[in-house]
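See below for the structure under consideration.
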Amino acid sequence: MQDLLPTQIIHKFYLSIVCDDRTDRTTLKSDRISFCQKVVMLRLNVVTLSLNLMMLVINVVTLSLKVIALSLKVITLRLKVIALSLKVIALRLNVVMLVTTRHSLITAIVDSGTILQPVPSFESQPEKPKRQTKIKALQGWFEKTQPTPSDFDPDQARWEALKEKHNL
């Protein structure tokens, strides 16, 4: 049996039921077996196609999930770039504020007519008394510092620092 159409196979199958001739019966019987084999093969092909279709759907879903994951990574990177840009802007604003503060301090000093006094020379001062400490890291620092003057008022110094800090 060559490649017969399903309708032709069904027609032959029908003839095998109707025909009474013995020779035709054996031929039709083999045609019936061939028909059953072809039906089974068609069903297997349908199942195979269905499985292939399911695999394609699963592959499409997998690819879609990968695209979503990559999109989320891109969004994360863009948010990090925005955060870094905001940090750069904040740093630039800090620089502008520092320059403005420096400029306003210089302007205030010039406008007040304050004449800067030269710093007295340290060479003319008598030998500094050495301060003793048990902390080794502070020993060198104490050698570089000067003792507080006798007329130093800590409360007045705090008040001056607060006035300067808050522009009072």
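The values are calculated or read from the model by the stated rules, or taken from the named source; none is laboratory data. Everything quoted here is computed from the prediction, not taken from an experiment. When we count neighbours, we look across all protein chains shown, and the Cβ atoms used for this are built from the backbone with ideal geometry, even at glycine. Only protein heavy atoms, including side chains, enter the accessible area calculation; ligands, DNA and RNA are left aside. Shrake-Rupley method; radii C 1.70, N 1.55, O 1.52, S 1.80 Å.
Overview of results
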item	result
Criterion (out of contact with any Pro (no Cβ under 6 Å at 6 or more places or on another chain), loosely packed, with under 10 Cβ neighbours inside 10 Å and either modelled with pLDDT under 95 or over 30 Å from residue 164 (Cα atoms) (or both)) met by exactly one of 104, 112	112
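Condition check ((1) part of a loop (DSSP other than H, G, I, E, B); (2) open to solvent by 100 Å² or more (accessible area, probe 1.4 Å); (3) at pLDDT 70 or above) across all residues:
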residue	(1), (2), (3)
116	yes, yes, no
127	yes, yes, no
134	yes, yes, yes
139	no, no, yes
147	yes, no, yes
150	yes, yes, yes
157	no, no, yes
